[in-house]
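The values are calculated or read from the model by the stated rules, or taken from the named source; none is laboratory data. Source: prediction; values computed, not measured. Please note: Cβ atoms are built from the backbone with ideal geometry, for glycine as well, and neighbour counts cover all protein chains shown. For the accessible areas, the whole protein counts, side chains as well, though only heavy atoms, and no ligand, DNA or RNA atoms are used. Shrake-Rupley method; radii C 1.70, N 1.55, O 1.52, S 1.80 Å.
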Amino acid sequence: MSATTAAGPAPDGPTTLLVIAKEPLPGRVKTRLTPAYEPAEAAVLAEAALTDTLWAVRAMPARRRVLVLDGRPGPWLPPGFEVLPQCAGGLDERLAAAFAACTGPALLVGMDTPQLTAGLLAPALGPEGRQGCDAWFGPAADGGFWALGLAEPQPRLLRGIPMSTAGTGAAQRRRLVAAGLRVRDLPELLDVDTAADAVRVAAAAPGSRFAAAVDRLGRRVPPQREPASGARPGSPSPGGGGRPCRPVN
């Protein structure tokens with residue numbers, strides 16, 4: 001971790017790297033980590049995840065590194081980033097606006113995958129990643145997506161996609177294919193949503209700030225409740241759905 005912090009930014013590349021995030025304030029981020037964690041503790045975990053993500057992005061070759069932020073930057077922001085405010089509207093509009101601020105290839109990630117490394121995105125950022133490929137798609141284990149790369153930013157490809165459902169990722173990928181884009185997939189990642197997710201992601205990212213924060217606060221996995229009659233463990237709730245696509249919170 002200290003070596004990453006001390007290193008300078010990676011060399012220039014052709015791609016604009018976008019991180020879309022919320023300012024890690026208690027009660028505004030990681031609300032599904034409560035009650036296992038207090039709101040202030042959830043904010044500590046959110047800040048650690050965001051910081052890990054930003055430093056990972058700083059280690060990747062990029063034309064620009066842009067934080068698209070809901071809120072104000074804090075001491076967790078490393079040098080080398082532009083900061084743009086998020087626009088108003090739903091998540092699809094905010095993602096579309098982030099891409100609209102770019103020219104040339106752009107790749108967007110969220111703040112919920114602190115296990116992100118430069119190696120995970122290397123296939124999308126190298127010269128071979130642009131050969132015969134128009135889009136890179138990173139599926140999330142909850143049915144959303146953690147990364148989206150476009151050779152030519154087209155905001156219309158995101159507008160109108162139903163967000164915060166278990167089918168968000170599938171709908172987004174179908175939209176790309178229907179537009180005639182040649183899509184390649186990145187590895188599936190688990191984003192941090194619940195306390196159980198936090199434990200699993202911390203184990204997948206040993207040595208990270210996020211793992212250190214989880215260890216410091218304690219691994220608080222609430223006991224599993226018995227499923228209702230006829231329901232299967234881990235199945236979506238009757239209300240619909242699944243956990244949200246998490247590029248933001």
Output for the stretch 9-34, where each listed residue is touching a residue at least 24 places away in the same chain (Cβ under 8 Å) and more than 26 Å from A96 (Cα to Cα)
P9, A10, P11, L33
Answer residue from the stretch 157-174, given it is out of contact with any Lys or Arg (no Cβ under 9 Å at 6 or more places or on another chain) and assigned to a helix (DSSP H, G or I) and is nearest to A101 (Cα to Cα) among those
Q172
Pairs, please: C-beta under 8 Å, at least 6 apart or cross-chain, first residue over 12 Å from L186 (Cα atoms) and touching a residue at least 60 places away in the same chain (Cβ under 8 Å) and in the stretch 118-147, second open to solvent by less than 10 Å² (accessible area, probe 1.4 Å) and hydrophobic (A, V, I, L, M, F, W, C)?
A118/M60; D142/C245; G143/C245; G144/C245
So which strands (runs of 3 or more DSSP E) stay within the stretch 1-113 end to end and still have 2 or more residues that are at negative phi and open to solvent by less than 10 Å² (accessible area, probe 1.4 Å)?
12-22, 62-70, 106-109
Can you pull out the residues in the stretch 184-200 that are within 22 Å of P123 (Cα to Cα) and either under 16 Å from the mean Cα position of the chain (by Cα) or open to solvent by less than 30 Å² (accessible area, probe 1.4 Å) (or both)?
D185, L186, P187, E188, L189, L190, D191
Anything in the stretch 166-182 that is surrounded by fewer than 20 Cβ atoms within 10 Å (Cβ to Cβ) and closer than 16 Å to G144 by Cα? List them, or say none.
A166, G167, A170, A171, R173, R174, R175
Every residue from the stretch 126-142 that is in contact with a helix residue (DSSP H, G or I) (Cβ under 8 Å, 6 or more places away or on another chain) and part of a helix (DSSP H, G or I)
G129
